[in-house]
Amino acid sequence: MSSPGSQSIQSVLKETRTFAPPATFSAQAHISSRQQYEAMWKKAKDDPAGFWGEMAENLDWFRRWDTVLQGQMPETKWFSGAKINASYNCVDRHLKGSRRNKAAIIWEGEPGDTRVLRYQDLHREVCRFANVLKQLGVQLGDRVTLYMPMIPELTIAMLACARIGAVHSIIFGGFSADAVADRNNDAQAKVVVTADGGWRRGKEVPLKAAVDASLDRSPTVEKVVVVRRTGGEVDMVPDRDFWWHELMQGVPAECDAVQLDSEHPLFILYTSGSTGKPKGVMHTTAGYLLGTTMTSRWVFDLKEEDTYWCTADIGWITGHSYICYGPLSNGATVMMYEGAPNWPDEGRFWELIEKYRVSIFYTAPTAIRAFIKWGNHWPEKYDLSSLRLLGSVGEPINPEAWMWYHRVIGQERCPIVDTWWQTETGSIMVSPLPGVTPTKPGSCCHPLPGVVPDIVTRTGQSLGANEGGLLVMRQPWPSMLRTLYGDHERFKKTYFSEVAGCYFAGDGARHDEDGYLWVMGRVDDVLNVSGHRLSTMEVESALVAHPQVAEAAVVGFPHEIKGEGICCFVTLKSGEGDDGLKVELTQHVRQAIGALATPDQVRFATALPKTRSGKIMRRLLRDIAAGRESTQDTTTLEDLSILAKLRSDEE
Ligand code: PRX
């Protein structure tokens with residue numbers, strides 16, 4: 001999608017079906033009527049400090065705030081003067097009553113092994129690991145990298161960091177050693193917590209080996225803690241590498257949660273922007289915790305008796321906010337699964353829902369499209385009657401996938417919440433409320449209380465119904481990012497300079513005539529591959545690092561399952577490319593970034609299409625990658641014969 005200047009973006013999607021929430025659902029929901037929602041939204045807009053001050057009563061504070069909100073975007077501070085701890089809120093406060101023996105985490109490994117941690121157990125493990133971190137020399141504000149499979153130790157490590165005021169930086173296990181080194185260095189991480197490996201489709205993902213490969217380029221890392229998960233062979237370097245289970249032996253099971261300032265950094269999470277260098281999105285304690293706590297309640301309607309399952313990996317923001325902090329702060333029972341949805345067969349997710357009687361299920365459109373492809377007979381084999389609410393996140397959900405989710409998984413009984421948000425926003429921003437909003441397939445519907453979006457032109461003019469433009473936020477919200485780690489200038493420039501006075505999300509969107517919001521996709525050079533953000537520039541820099549590559553341009557194209565696929569146009573320093581080199585370049589990108597960045601197409605060209613001023617004509621390349629006739633004006637193209645050559649190098 002291209003970005004609008006003073007004009008609006010053309011939208012082609014028209015969807016008229018609506019689905020009202022079942023009356024039985026509305027009757028029991030936390031937010032149960034349109035009037036209630038509208039009153040909350042209006043109060044939050046007109047009096048943010050009053051509204052969020054009231055909401056903050058839902059958290060436990062060591063000391064109350066002096067002011068709820070200080071400053072203007074982007075330099076806002078929430079709950080100044082207060083003292084709080086996220087780990088205390090997610091664990092300790094639940095030990096006072098009947099939740100003490102409630103399951104906090106119900107975990108299943110890919111091979112079928114299981115563990116249940118009650119809130120008491122979680123408390124004990126978090127305290128012990130917090131003490132371990134302290135023994136390893138981790139102090140207030142130090143950064144700790146977590147590069148782990150989806151095992152309970154990951155949540156334990158997060159909450160242990162939060163407990164002592166250390167800042168976790170989680171790196172998704174699908175990233176490569178190079179990506180780990182880059183992130184360790186940017187964050188200046190002191191300790192890395194990893195595992196020997198994790199299970200994925202029956203194979204071991206060797207995490208410790210990747211950490212080893214990253215460490216000769218991560219000079220700040222002093223210690224490595226390794227969880228024994230797969231039992232695979234690993235090298236342990238004396239005095240640097242330690243087994244988790246050995247360190248945990250004999251460590252006290254009590255560790256006071258440190259009383260932290262509201263704006264104390266909670267975590268850094270790297271995400272892709274429109275340059276080659278990932279951005280270290282930084283979230284702070286009180287505002288982030290409040291945002292995730294309230295949205296978990298409003299959007300997922302979390303109740304004491306729910307079994308809630310979010311299928312994301314904790315390595316992404318969805319896992320941070322809606323596997324760990326949001327649901328645990330609410331004292332929920334959280335399901336956690338280590339492996340792939342198609343292992344040992346395509347029925348695994350539905351089997352898990354039946355087995356644990358999952359009531360709330362939150363997944364991504366890319367997964368839904370894969371389920372559709374695998375066939376209805378998989379979900380039909382299992383009893384899904386425990387489900388009462390479904391969620392979607394990560395990319396626009398196409399109406400047909402929405403309808404399938406509604407019919408086959410929700411059995412026309414469960415409301416669907418299509419949640420729009422970002423790593424930067426920390427918590428869900430725009431979403432239906434399951435007891436209130438009549439949903440339209442493909443629309444994320446309305447802003448939550450405290451969220452004041454607008455759709456504007458580049459010059460900041462608000463657009464009318466069905467005029468596509470840039471999605472911005474006009475008011476600050478508690479869980480917004482506070483900076484990009486080590487680069488506050490980039491933070492201001494990326495998010496607050498595009499449209500004066502607003503937070504710029506990087507997405508294009510429109511409102512329809514009923515005021516429903518439709519997200520149309522990114523307007524910058526960010527790809528959304530299987531719901532994961534990747535910068536075209538990151539893939540380009542990986543390609544040009546290969547000795548034979550002269551120049552590369554990377555674009556997205558529509559992909560049946562992934563939503564967007566990666567197409568690389570490459571010119572070589574000399575000679576002609578062949579299939580062998582295509583495979584080599586594909587592997588090269590995987591190694592530089594990780595499996596999630598694996599190119600779907602590599603095409604060789606003698607030159608890239610450029611304007612006379614030397615700008616690569618990306619829109620033209622997008623048309624070629626998608627196999628579309630281009631409507632792009634090519635009169636500015638320097639060498640017209642390039643076009644024919646590019647088209648002829650089809651996959
Ligand atoms: O383009 C939007 C898309 O994902 C981007 C944010 O990616 P990330 O920071 O990795 O966070 C993903 C999980 C919150 C957004 O800029 N996106 C996310 N959710 C939706 C969406 N696009 C449309 N509809 C959604 N529900």
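The values are calculated or read from the model by the stated rules, or taken from the named source; none is laboratory data. Small disclaimer: the values here were computed from a predicted structure and weren't measured. Every residue, glycine as well, gets a Cβ built from its backbone with ideal geometry; the counts of neighbours run over all protein chains shown.
Residue by residue through the range 316-336, note down the ones that are crowded, with 24+ Cβ neighbours inside 10 Å and within 15 Å of the ligand (Cβ to nearest atom).
Once the filter is applied, which keeps residues that are crowded, with 24+ Cβ neighbours inside 10 Å and within 15 Å of the ligand (Cβ to nearest atom), the range 316-336 yields 317, 318, 320, 321, 322, 323, 324, 325, 326.
Sort out which residues of the range 407-422 are more than 10 Å from the ligand (Cβ to nearest atom), surrounded by fewer than 24 Cβ atoms within 10 Å (Cβ to Cβ) and in a loop (DSSP other than H, G, I, E, B), and write them in order of number.
Within the range 407-422, 410, 411, 412, 413, 414 meet the criteria.
Which one of the conditions (1) farther than 19 Å from residue 330 by Cα; (2) over 24 Å from the mean Cα position of the chain (by Cα) does residue 153 fail to meet, given that it meets all the rest?
Going through the list (1) farther than 19 Å from residue 330 by Cα; (2) over 24 Å from the mean Cα position of the chain (by Cα), residue 153 breaks only (2).
Yes or no, residue by residue, for (1) charged (D, E, K, R); (2) in contact with a strand residue (DSSP E or B) (Cβ under 9 Å, 6 or more places away or on another chain); (3) within 30 Å of residue 18 (Cα to Cα); (4) at pLDDT 95 or above:
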position	(1), (2), (3), (4)
472	no, yes, yes, yes
479	no, yes, no, yes
483	no, yes, no, yes
489	yes, no, no, yes
502	no, yes, no, yes
523	no, yes, yes, no
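What number of residues in the range 517-532 are part of a strand (DSSP E or B) and within 7 Å of the ligand (Cβ to nearest atom)? Write out each step before concluding.
Filtering the range 517-532 down to residues part of a strand (DSSP E or B) leaves 517-522, 526-529, 532.
Checking which are within 7 Å of the ligand (Cβ to nearest atom) leaves us with 519, 521-522, 528, 532.
Residues meeting the conditions: 5.
Out of all the residues in the range 384-406, is one or more of a type in the set (D, E, K, R), surrounded by fewer than 21 Cβ atoms within 10 Å (Cβ to Cβ) and either modelled with pLDDT of 95 or more or within 20 Å of the chain's Cα centre (by Cα) (or both)?
Within the range 384-406, not a single residue is of a type in the set (D, E, K, R), surrounded by fewer than 21 Cβ atoms within 10 Å (Cβ to Cβ) and either modelled with pLDDT of 95 or more or within 20 Å of the chain's Cα centre (by Cα) (or both).
Residue 78: surrounded by 13 or more Cβ atoms within 10 Å (Cβ to Cβ), modelled with pLDDT of 95 or more and more than 27 Å from the chain's Cα centre (by Cα), yes or no?
Spelling it out, it is not the case that residue 78 is surrounded by 13 or more Cβ atoms within 10 Å (Cβ to Cβ), modelled with pLDDT of 95 or more and more than 27 Å from the chain's Cα centre (by Cα).
Between residues in the range 366-388 that are within 16 Å of residue 402 (Cα to Cα) and residues that are small (Gly, Ala, Ser) and part of a helix (DSSP H, G or I), which pairs lie under 7 Å by C-beta distance while being six or more apart or on different chains?
368/401; 369/401; 372/401
Residues that are within 16 Å of the ligand (Cβ to nearest atom) and either farther than 23 Å from residue 39 by Cα or touching a Phe, Trp or Tyr at 6+ places or on another chain (Cβ under 6 Å) (or both): does the range 460-468 have at least one?
Step one: filter the range 460-468 for residues within 16 Å of the ligand (Cβ to nearest atom), giving 468.
Among the residues that remain, those that are also either farther than 23 Å from residue 39 by Cα or touching a Phe, Trp or Tyr at 6+ places or on another chain (Cβ under 6 Å) (or both) are: 468.
So far as the range 460-468 goes, yes, one or more of its residues are within 16 Å of the ligand (Cβ to nearest atom) and either farther than 23 Å from residue 39 by Cα or touching a Phe, Trp or Tyr at 6+ places or on another chain (Cβ under 6 Å) (or both).
Can you tell me which residue is nearest to the ligand (Cβ to nearest atom) among those in the range 496-516 that are over 24 Å from residue 615 (Cβ atoms) and either assigned to a helix (DSSP H, G or I) or in contact with a Phe, Trp or Tyr (Cβ under 7 Å, 6 or more places away or on another chain) (or both)?
509
Criterion first (under 18 Å from residue 38 (Cβ atoms), surrounded by 17 or more Cβ atoms within 10 Å (Cβ to Cβ) and within 16 Å of the ligand (Cβ to nearest atom)) does residue 425 satisfy it?
no
Which pairs have Cβ atoms under 8 Å, sit 6 or more apart or on different chains, and link a residue in the range 180-208 that is among the aromatic types (Phe, Trp, Tyr) to one that is surrounded by fewer than 24 Cβ atoms within 10 Å (Cβ to Cβ) and not in a loop (DSSP other than H, G, I, E, B)?
199/205
Based on what the data block shows, is residue 431 within 20 Å of residue 317 (Cβ to Cβ) and within 15 Å of the ligand (Cβ to nearest atom)?
Considered against the rule, which asks whether it is within 20 Å of residue 317 (Cβ to Cβ) and within 15 Å of the ligand (Cβ to nearest atom), residue 431 comes out as yes.
What about residue 392, is it closer than 19 Å to residue 528 by Cα, small (Gly, Ala, Ser), within 16 Å of the ligand (Cβ to nearest atom) and assigned to a loop (DSSP other than H, G, I, E, B)?
Here the answer is no, as residue 392 does not meet what is asked.
Go through the residues of the range 92-103 one by one and say whether even a single one is crowded, with 21+ Cβ neighbours inside 10 Å and outside the structural domain of residue 205 (by TED's automatic domain parsing).
Yes, the range 92-103 contains at least one residue that is crowded, with 21+ Cβ neighbours inside 10 Å and outside the structural domain of residue 205 (by TED's automatic domain parsing).
How many residues, within the range 548-595, are part of a helix (DSSP H, G or I), touching a Phe, Trp or Tyr at 6+ places or on another chain (Cβ under 9 Å) and surrounded by 18 or more Cβ atoms within 10 Å (Cβ to Cβ)?
Of the residues in the range 548-595, 2 are part of a helix (DSSP H, G or I), touching a Phe, Trp or Tyr at 6+ places or on another chain (Cβ under 9 Å) and surrounded by 18 or more Cβ atoms within 10 Å (Cβ to Cβ).
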